Structure formats: C-alpha cells, structure tokens
1. Look through region 37-76, keep the residues that are surrounded by 10 or more Cβ atoms within 10 Å (Cβ to Cβ) and of a type in the set (Val, Ile, Thr), and return whichever of them is modelled with the lowest pLDDT.
2. Among ILE19, ILE39, ILE32, which is touching a Ser or Thr at 6+ places or on another chain (Cβ under 8 Å) and of a type in the set (Val, Ile, Thr)?
3. If you go through region 60-75 one residue at a time, do you hit one that is in contact with a helix residue (DSSP H, G or I) (Cβ under 6 Å, 6 or more places away or on another chain) and of a type outside the set (Phe, Trp, Tyr)?
Amino acid sequence: MSDSKIQSFLDNKLVKSFIAYSIFRAFYGFGILIVTYFIDKNTIIPWWLFLLFSMVFSRVLFKQIKKRKNIDKDLQ
C-alpha cells in the first residue's frame, strides 16, 4: 500500500471517529475498573449498579466531547 492510500484511509471521518472512541474507551475503561474495585471494597453500592451507571455516563460524556470538538473545529 502506498502512503497516499494509508493517508486517505486515516483521513476518513469514520476511521477518525473509531480511533478516537477506541482511545477514549481504553482510558475510561481502565479508570472504571479502578473505581469499581474501590466501590466494591469500601461502599455498600452494588458493583453492577455502578457499572450500569457508568455505561450510560460514558456514552453521554463521549457525545459531549465530540460535540465540543466539532464546535471548536467550526470556530477555526
């Protein structure tokens, strides 16, 4: 594959979105594992309830990040 084909692949909006989401999920997932461990050990909140909340919260957070990134891009 030539560099131009790779570059055009990486410039695709869908690919960029997938890479950004993957990076977000990697960091967010690691943080959630740590928080879930401490919640399970130190509180009476069920770990599964926290994980359920986390699934919903992560979607809302990522949508806000994408919206803010698009707003910043439009301002330039």
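The values are calculated or read from the model by the stated rules, or taken from the named source; none is laboratory data. In this text the structure is predicted, and so the values were computed from the model without any measurement. Cβ atoms come from the backbone with ideal geometry, glycine included; neighbour counts cover every protein chain shown.
1. ILE65
2. On the way: ILE19 fails: touching a Ser or Thr at 6+ places or on another chain (Cβ under 8 Å); ILE39 fails: touching a Ser or Thr at 6+ places or on another chain (Cβ under 8 Å).
Result: ILE32 is the single residue among ILE19, ILE39, ILE32 that is touching a Ser or Thr at 6+ places or on another chain (Cβ under 8 Å) and of a type in the set (Val, Ile, Thr).
3. No, that holds for no residue.
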